[in-house]
Structures are given as structure tokens and as C-alpha cells.
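Here's the structure we're looking at; comments come further down.
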Amino acid sequence: MFESINKVKGDSVFVKTLSREGLITKKELNILRKKSKNDERFFSEVFFESSPHPKEKILEIFSKHYELPKVDLKKKKISPFVINLIPAEISQQHNVVIFKKIGEIIHVAMVSPENSQIVDFIEKKTGLKIVKFVTSPDDIRHALSKKNKISSSSDDLLRMIDLNIEGDHSRDLSPEKMADMVPVIKLVNSLIERAVTSNASDIHIQPMEKTVVVRYRIDGILNKIAEFPKNISQAMVARIKIMSDIKIDEHMAPQDGRFQHDVNGQKIAFRVSVIPTLNGPKVALRVLEMKEKMLTLRRLGLNKNDFKTIKNEISSPHGIILATGPTGAGKTTTLYTLLQMLNKDGVNICTVEDPIEYGIENINQMQIKPSAGLTFASGLKALLRQDPNILMIGEIRDSETAGISINSAMTGHLVLSTIHTNNAFLVPQRLIEMGMQQYLTGTVLNMMIGQRLVRKLCPHCKSKTRKPEALIESHQMFIDIESSIKKLKKVGLVNSNIKIDDLKLYKSRGCKKCSNTGYKGRMGIYEVLKVSEAMRRVIIMDGGEQAVKKQADKENVLRMADDGILKVINGTTTFEEIIRVTKE
Ligand SMILES: [Zn+2]
């Protein structure tokens, strides 16, 4: 797609700057112009590569001319996630490297900042905002060679270990002893590092009858990447068990654990599951950090009104935002998404969590450990001494944590947390039951987000139903579909002229791709309750669920079921799913 780009750009202003600074003579200029035209490359690239002047001097002038900061990539630790946001070939071809990601912003080092096509490409490909830096071709090569080195060296490593194990006497060693052997440690490390650099989400180590197969899941598909003789399998599994701090000598029961591993200077978290099979232990590793990329507000599947509300409310500098729902409703993902949006330079974000599900760059994350006296409450107290702007607390589950959270919000912090209630409207009542003052509760709450996860209809086997009216009628007794549709029309999420019989409702038969369930993937349904001034007064006077619901109805706030029905009407899920998750 890039062949057609015309890279021949004289850029006369730039050339003037260069000759004014004495970096180029007229003769050199003519030669370089010709070269740039022949090679179809940007003038700045050609100039950089052929200029006898020191790199620092050229960068200085580039930086001034383009009014962009310069960056020395050789001094940067670049996360493999970040550099891999665009393919290596594109980076190489266009002399461009993504070297940092903060929230929804990426820092991009370029030799030719005037290459607007590549900027557009990166913006489209990543969906992130770009901040440009100038750098030298040498820096780009350095950054890319580091990236490539990992995969090629691990290939050699695999071959080397293969031979070693085949040839020598390591057969006689116990798996525990083998787990400490340098080649085994190197092998496991390289498998892990390679998985991360190739953007795998999971690593599977599966014992077969005579061999052990390693597979990576990349973009949802499992790819076989290596096969070893069986005897190395035990050593690998023992090694992984040691890393994740689980029992080496337990062979009968499934075990879970987690560990962190340093990949290119980045701490990456892995979740480990070991299960016994007929052929020996099977190991599955989940790369937890991979999800970070997916944490955008759009991915949560909010309707456009909720999307706007959250986007507005999140910019408030203080107060409390709570996600609520039962375990497994996706609260944590919502919270991390909000954190990612708030994660900017100059903002100090601290968290206390249990467990830390994703490591996020630039955020100070603390794991609670009640056995060592580190609870949500004590962790929170410690964090407050770190001068944070934003605090995230894994869960408010006792009055001490609730109290400190409210005090922090009162003293100018934005606090994000989860709380266990059935719906968003119950949150004030729950806090008051925990012993919080009604007045304070009403004053500090900014927004409550209630949610559930529903299964999505399988896109491969879903089809329109012929009689939407009949389908609605048969479910109306379990869930008030008609009044939800009325409400959705009122808030502009459903076209007010649409008739029930015009609705497009879907059913699915089930197929191979969805294992005959008719469903594939899951999405959230939400109720987003922004605390308006009127709502504040209601909470201060009477924080009970009924009073809050009454006021919310006045403000046309959608309930979870309304949002769910909107998603049925959109053809994404079914009435059965909405009934299942809202009636539990
Ligand atoms: Zn299907």
C-alpha cells in the first residue's frame, strides 16, 4: 500500500535552513536531491545518511526546523508491546519507531516527520494519538535490531537445547535438578519473551505421546511454534512451577499461579494453569498485559449516551466513581479502561489491588497482602502520602476503606473503585449502611456504573426473525420490553418513528464456529448513573435505593435492562441473555 507514495520532496524551506546553518553546499544539495528522487526516499533521510556532520548537530537543526523534540532511542527502554504496535517492515521502510505509550497517546520517533502518510497509517492502525519526535536513521536501526534480536536468538537457543538434551546424560537428572540448568532457564525465558514480542495472548505447553508441543495464541488462533523431545517437558514444567511459586511435586491436582517476568525492561505478568493429562502435565500461560491495548472506552460496548456521560464525568478532578455488579461482571475491565484514559504525563495515579490484573505503564500499583498487614485500608493510607492525583482501590468492602475513600475524595483526589451491589442505584444506600454519613456520601459521589456481561449472538449463524412482535410478546412477561423501548425512544437511542414490527431481531441456530451454542464472545450491558445536583440533594436527604431510582427515572437514566434491550434491538444479543443476567 505504500508503493504509490511519492517520497520525493525537496521541501525548499528545509533546504534553506540547512544551507543557512552551513550544513550543505549547493553542489551537495543537487546530488542529494537527485539521490532522493532516484531512491524515492525523503530528502531528510538521504541527507542524514550522507552528511558528514555529527548526528547531534543535525538533530538539533531538524528539531528546530520541525519544531519537534528530539529523542535518543539508544537511551530508551522500549516496551515490546509498544514497538510492535506497527509491523517491523513498516518501521524499517519508513524509518519510524513507536517508543512510548501513555494512555491513548503514543510517542513516535521519525527521521522524516513530513511523511504524513505514515502518520495517518499509524493513527488508523493503532487508534491512538501521535506525538512526533525527530531521531536519526541510526537510532531507528538500533531500536529495531533490539526487537529482532530476541526472536532470532531464541531460534538458535531452541536448536541448541534440542541437541544438548538429545545427546547428553541429562536424561538421568530429576526434573527439579533440570529446572535449574541454565539451558532450561534460557529456553523457558526465551519462549516467554518470544511470545510477548510476537503479540501472543497465551502460551500452551502440551505433552503428546512422545513429544511436547509449544503453541502461541496470536489473534485468537493457536500456532505451533516448537516441538521438543518428551524429557525436556518435565524440566520446562518444573521451571515454570518454580517461577510461579506452585508445588513442583504435585502431579495429580490442577494448580494455578502467577509470576512476573522482565521482557525488554518491562515487567510483564503471566497467569499460569497446570493440569494433569494422560500424557503428563499441560501448562497454559496467559499474558496478562496484552489486554492493555484493548482497554479503550469504545471496546466496552457502551451506548452512545453512556459513552458521552463517562467521557465527561471522568474529567472531574475529584470525587468518587464506582463500578458495581457481581463478580465476573467486568467491573475490573471498566475500571482499568478509565485508568488508561486518565493516564497522562503529569498525573500521579496510584492503585491498591487484589490481584493486580494488568500492569499499566506510569501507574504505581500495589498488591494487598492481608497476611502482612497490607490491606486495602492500610495500603490506601500509605498511598495518600505519595501525593497522588488519582487513586484506584480494587474494592470497597469495609467501612474503613469506604471512610478513607470518601476522605480522599473530599481532599481533592479522584477515587475509582468497585463495590458489591446489585445495581448502580443501590450504591449510596450501601455506603450509608457501611456507616458513611449521608451528607458526605451525597457530596463525593460522581458516577456509578452498574454492569453485567451478556453473551453475543454468533455472527456466523445468526439470522433475522420473521415475527419480532411475537418474539417480544413471548418475553414481555419476564421483562418489560415495551416500556424499555419507549424509554430508549425518549433518550434518542431508538428512532421514535420505528414500529415494533419494523424491529430487526435476531436468532441463531448454532454452528461449528460457536460449538453449536449460538453465542460467541461477550459484551457488557450498563447503567451509568451520573450524580446530578438534584440527585446529590436526594442522596443527602434520603440515600435509599427507591428514592435514588425515582430521581433517576425523572432524569431518564437507563437501567441495565434498557441498555440490554437496546443491544437486542441492535441484533447483538437476545432477550434470554438479558433476562438471565438481570434477574439473577
Ligand atoms: Zn454459530
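List of remarks:
- Residues of type lysines that Lys369 reaches as a straight line, Cα spacing below 29 Å, ignoring anything fewer than 8 places off in the same chain: Lys241, Lys247, Lys267, Lys291, Lys293, Lys331, Lys344, Lys381
- Measuring nothing but how far apart in sequence close Cα pairs (under 8 Å, 6+ apart) lie, relative to its length, the chain scores a relative contact order of 9 percent.
- Shape of region 442-584, Cα gyration tensor, a/c cut at 1.5: prolate
- The convex hull built on the alpha-carbon positions of region 12-142 has an orientation-averaged projected area of 7.8 nm².
- Fully extending the segment from Ala253 to Ala382, taken as 0.36 nm per residue of separation minus the present Cα-Cα distance, adds 42.6 nm.
- Taking θ as phi - 60° and the Karplus parameters 6.51, -1.76 and 1.60, the scalar couplings of region 526-541 work out to 10, 10, 10, 9, 7, 8, 6, 4, 5, 5, 4, 4, 4, 5, 5, 7 Hz in sequence order, x denoting glycine and proline.
- Counting only DSSP beta bridges with both residues in region 295-582, the antiparallel share comes to about 35 percent.
- Beta bridges by DSSP in the chain, antiparallel share as percent, to the nearest 5: 65 percent
- Percentage, to the nearest whole number, of Cα pairs in region 453-495 over 13 Å apart: 68 percent
- Linear extension gain, Asp345 paired with Lys129, 0.36 nm per residue minus alpha-carbon span: 76.4 nm
- Centre separation in Å (Cα based) which lies between region 12-70 and region 96-144: 20 Å
- Kirkwood Rh in Å, taken over all unlike Cα pairs in region 295-582: 20.0 Å
- Note on Gln93 and Lys267: their simple-model spin labels are 3.9 nm apart, each label 7 Å out from Cα toward Cβ.
- Here the gap between Glu40 and Thr296, fully extended at 0.36 nm per residue and compared with their Cα-Cα distance, gives a gain of 88.4 nm.
- The chain, accessible surface, carbon-and-sulfur percent (1.4 angstrom probe): 50 percent
- Which listed pairs, of Lys77/Lys125; Lys37/Lys76; Lys486/Lys520; Lys124/Lys513; Lys100/Lys177; Lys101/Lys311, have C-alpha distances above 31 Å, in listed order: Lys37/Lys76; Lys100/Lys177
- Theoretical ellipticity at 222 nm over the chain - DSSP helices of four or more residues, -39500 (n - 2.57) apiece, nearest 500: -12500 deg cm²/dmol
- Counting only DSSP beta bridges whose two residues both lie in region 12-142, roughly 45 percent are antiparallel.
- DSSP-assigned coil residues among GluC sites (Glu not before Pro) in region 198-279, each with at most 10 further Cβ atoms within 10 Å: Glu209
- Taking amide H positions as modeled 1.01 Å from N, with prolines and chain starts lacking one, the residues under 5 Å from Ala323 and 5 or more places away or on another chain are Ser417, Thr418, Ile419, Ile449.
- Each 5 Å bin, from zero up to the one with the longest distance, holds this percent of the alpha carbon pairs of region 381-445: 4, 18, 31, 28, 14, 5, 1.
- Once the gyration tensor of the Cα atoms in the chain is diagonalised, the equivalent ellipsoid follows with semi-axes of 45, 35, 27 Å, ordered largest first.
- When restricted to Cα atoms, region 301-442 yields an Rg and a Dmax of 14.3, 44 Å, respectively.
- Rg(Cα)/(2.2 N^0.38 Å) for region 357-416, N = residue count: 1.08
- Whole-angstrom gap from region 351-395 to region 457-528, using each part's C-alpha centre: 40 Å
- 3J(HN,Hα) along region 387-400: 6, x, 8, 10, 10, 10, 10, x, 7, 8, 10, 8, 6, 5 Hz, from the Karplus curve 6.51 cos²θ - 1.76 cosθ + 1.60 with θ = phi - 60°, whole Hz, x for Gly and Pro.
- In terms of overall dimensions, the C-alpha atoms belonging to region 169-288 reach 36, 28, 27 Å along their principal axes, ordered largest to smallest.
- Label point distance in nm, Asp120-Arg522, each placed 7 Å from Cα along Cα→Cβ: 4.0 nm
- Per-pair calculated FRET efficiency, R0 = 22 Å: Asn30 and Lys57 via Cβ, rounded to 0.05: 0.50
- Selection of trypsin sites (Lys or Arg not before Pro), region 449-484, meeting DSSP coil and at most 13 other Cβ within 10 Å: Arg466
- For region 230-273, the average shadow cast by the Cα convex hull is 3.5 nm², which is a quarter of the hull's surface.
- Sequence ranges 556-569, 425-438, 308-321, ranked by mean other-Cβ count within 10 angstrom, highest first: 556-569, 425-438, 308-321
- Net charge of neighbours whose Cβ lies under 11 Å from the Cβ of Phe478, counting Lys and Arg as +1 and Asp and Glu as -1: 0
The values are calculated or read from the model by the stated rules, or taken from the named source; none is laboratory data. What you see is a predicted model; the values in this text were computed from it and never measured. Note: ideal-geometry Cβ built from the backbone for every residue, glycine included; neighbour counts use all protein chains shown. Remember, those area values only see protein heavy atoms, side chains included, never the ligands or the DNA or RNA. Shrake-Rupley method; radii C 1.70, N 1.55, O 1.52, S 1.80 Å.
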